[in-house]
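Notes follow once the structure below has been shown.
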Amino acid sequence: MKQRRNVLAATLVAGALFITAAGAQAQSKIRIGLMLPYTGTYAALGTAIENGFRLYVQELGGTLGGREIEYFKVDDESEPSKAVDNINKLIKRDNVDVVVGTVHSGVVMAMAKVAKDTNTLLVIPNAGAEAVTGPMCAPNIFRSSFSNWQPGFAMGKVAGERGAKKVVTITWKYAAGDESVEGFKEGLKASGGEVVKDLTLPFPNVEFQALLTDIAATKPDAVYAFFAGGGAVKFVKDYAAAGLNKTIPLYGPGFLTDGTLEAQGASAQGMLTTLHYADGLDVAKDKLFRADYNKAYKATPDVYAVQGYDAAQMLAAGLAAVKGDVSKRSELVAAMEKARIDSPRGSFTLSKAHNPVQDIYLRKVVGSENRFEGVAVKELADPARGCNMK
Ligand code: PHB
């Protein structure tokens with residue numbers, strides 16, 4: 001009799017525990033860690049990404065996979081030496097289910113290593129580092145943006161077609177700049193040009209004068225520059241102030257003029273760049289997105305906002321398939337892998353390495369717009385060199 005009572009008591013306790021656990025699962029929020037730059041030369045990029053991400057979550061009533069979202073934020077300062085500590089704050093302290101980040105390629109490489117070691121789901125809403133969809137590629141790492149190679153390669157092709165035979169490149173000396181320049185060289189070579197000089201300065205320095213003097217003396221047919229955010233504003237202005245824009249066309253991946261045109265003003269007019277987004281696209285989703293973004297933030301979205309929005313769309317596709325149950329990781333990943341993302345840039349799918357396969361547009365600066373001029377390369381996939389996805 002006593003034994004039976006004990007069994008009954010144990011059953012009741014177990015039942016209560018079960019109900020509590022099930023209730024917690026149904027009610028608890030999905031914990032999203034945003035690791036982005038909120039200070040420094042890339043600060044505006046981080047904010048645009050967060051705005052875009054939140055906008056899509058709002059469209060789903062503040063949920064993903066039917067569960068409410070709770071955000072945890074870390075300012076990574078675009079500082080690679082702090083990256084491991086910063087992502088561990090999100091993973092270990094805040095116990096997030098997924099990390100969304102970041103902008104800077106050097107920071108993202110450190111993040112990807114931690115994400116791999118801890119099997120944390122990572123969605124990269126900007127940083128183009130080739131390693132993370134190359135040798136470091138993994139089932140738990142996705143990118144909603146681009147590889148540094150993609151816009152660089154497209155610009156090289158266009159520059160060569162426009163008759164640039166001898167080109168000088170200039171960039172910050174780190175993975176993004178180096179890889180962007182390598183992509184450019186590949187495209188340029190394929191269309192008959194060559195790079196005669198590579199100029200660099202440390203990230204995030206903006207002391208361009210000596211380098212501009214060098215360009216003036218070298219007299220190339222064109223210049224290819226990788227800079228973004230605050231640094232891009234200053235470079236384009238300094239290039240024009242030196243009078244170089246009158247004689248030597250300045251080309252770049254679209255980061256050189258995206259989200260920066262108001263500050264660059266007259267100095268950027270007429271510039272040609274290549275990117276996976278543009279103003280004036282004939283994409284129905286883009287028209288809705290722009291209207292909603294404008295309403296929410298009183299601002300015109302740029303490529304970074306699009307990439308944030310699409311990071312949320314990718315996660316939503318995965319989480320919907322598992323009804324918000326993040327423990328069903330392989331089903332979640334499979335759903336993200338096969339999703340077609342209805343992006344404002346035009347719809348895209350992911351490569352085997354989890355990087356967007358996308359059209360790269362040629363754009364021209366007209367007033368405050370990076371106006372769509374045409375498709376530079378259709379459905380361009382990153383070569384994903386070194387990726388051996390298990
Ligand atoms: C990068 O570090 O990968 C990076 C940063 C800013 C951009 C593009 C790429 O606009």
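The values are calculated or read from the model by the stated rules, or taken from the named source; none is laboratory data. The model shown is predicted, which means the values in this text are computed figures rather than measured ones. Backbone-built Cβ (ideal geometry, glycine too); neighbour counts: all protein chains shown.
Numbers for the structure displayed
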{"read-out": "Some residue of the stretch 265-286 being polar (S, T, N, Q) and more than 15 Å from the ligand (Cβ to nearest atom)", "value": "yes"}
{"read-out": "So GLU207, is it of a type in the set (Asp, Glu), outside any strand (DSSP E or B), over 28 Å from ALA43 (Cα atoms) and away from the ligand (no atom under 16 Å from the Cβ)", "value": "no"}
{"read-out": "Residue check for TRP172: aromatic (Phe, Trp, Tyr), closer than 21 Å to ASP76 by Cα, within 15 Å of the ligand (Cβ to nearest atom) and surrounded by 20 or more Cβ atoms within 10 Å (Cβ to Cβ)", "value": "yes"}
{"read-out": "Which listed residue is at pLDDT below 95, surrounded by fewer than 24 Cβ atoms within 10 Å (Cβ to Cβ) and away from the ligand (no atom under 16 Å from the Cβ), from GLN58, GLN25", "value": "GLN25"}
{"read-out": "Which listed residue is modelled with pLDDT of 95 or more, surrounded by fewer than 20 Cβ atoms within 10 Å (Cβ to Cβ) and among the aromatic types (Phe, Trp, Tyr), from TYR297, TYR309", "value": "TYR297"}
{"read-out": "Odd one out for LEU199 among (1) out of contact with any Phe, Trp or Tyr (no Cβ under 9 Å at 6 or more places or on another chain); (2) more than 15 Å from the ligand (Cβ to nearest atom); (3) touching a residue at least 60 places away in the same chain (Cβ under 8 Å); (4) aliphatic (A, V, I, L, M)", "value": "(3)"}
{"read-out": "Meets criteria (at pLDDT 95 or above, assigned to a helix (DSSP H, G or I) and within 12 Å of the ligand (Cβ to nearest atom)) for GLY252", "value": "no"}
{"read-out": "So ALA312, is it in contact (Cβ under 8 Å) with a residue 40 or more places away in the chain and either assigned to a helix (DSSP H, G or I) or more than 16 Å from the ligand (Cβ to nearest atom) (or both)", "value": "yes"}
{"read-out": "The listed residue being surrounded by fewer than 17 Cβ atoms within 10 Å (Cβ to Cβ), of a type in the set (Asp, Glu) and within 24 Å of the chain's Cα centre (by Cα), out of GLU194, GLU207, GLU186", "value": "GLU186"}
{"read-out": "Selection count where residues are in a helix (DSSP H, G or I), surrounded by 16 or more Cβ atoms within 10 Å (Cβ to Cβ) and among the charged types (D, E, K, R), scope the stretch 315-339", "value": "1"}
{"read-out": "Yes/no for ALA291 being at negative phi, in a helix (DSSP H, G or I) and surrounded by fewer than 24 Cβ atoms within 10 Å (Cβ to Cβ)", "value": "yes"}
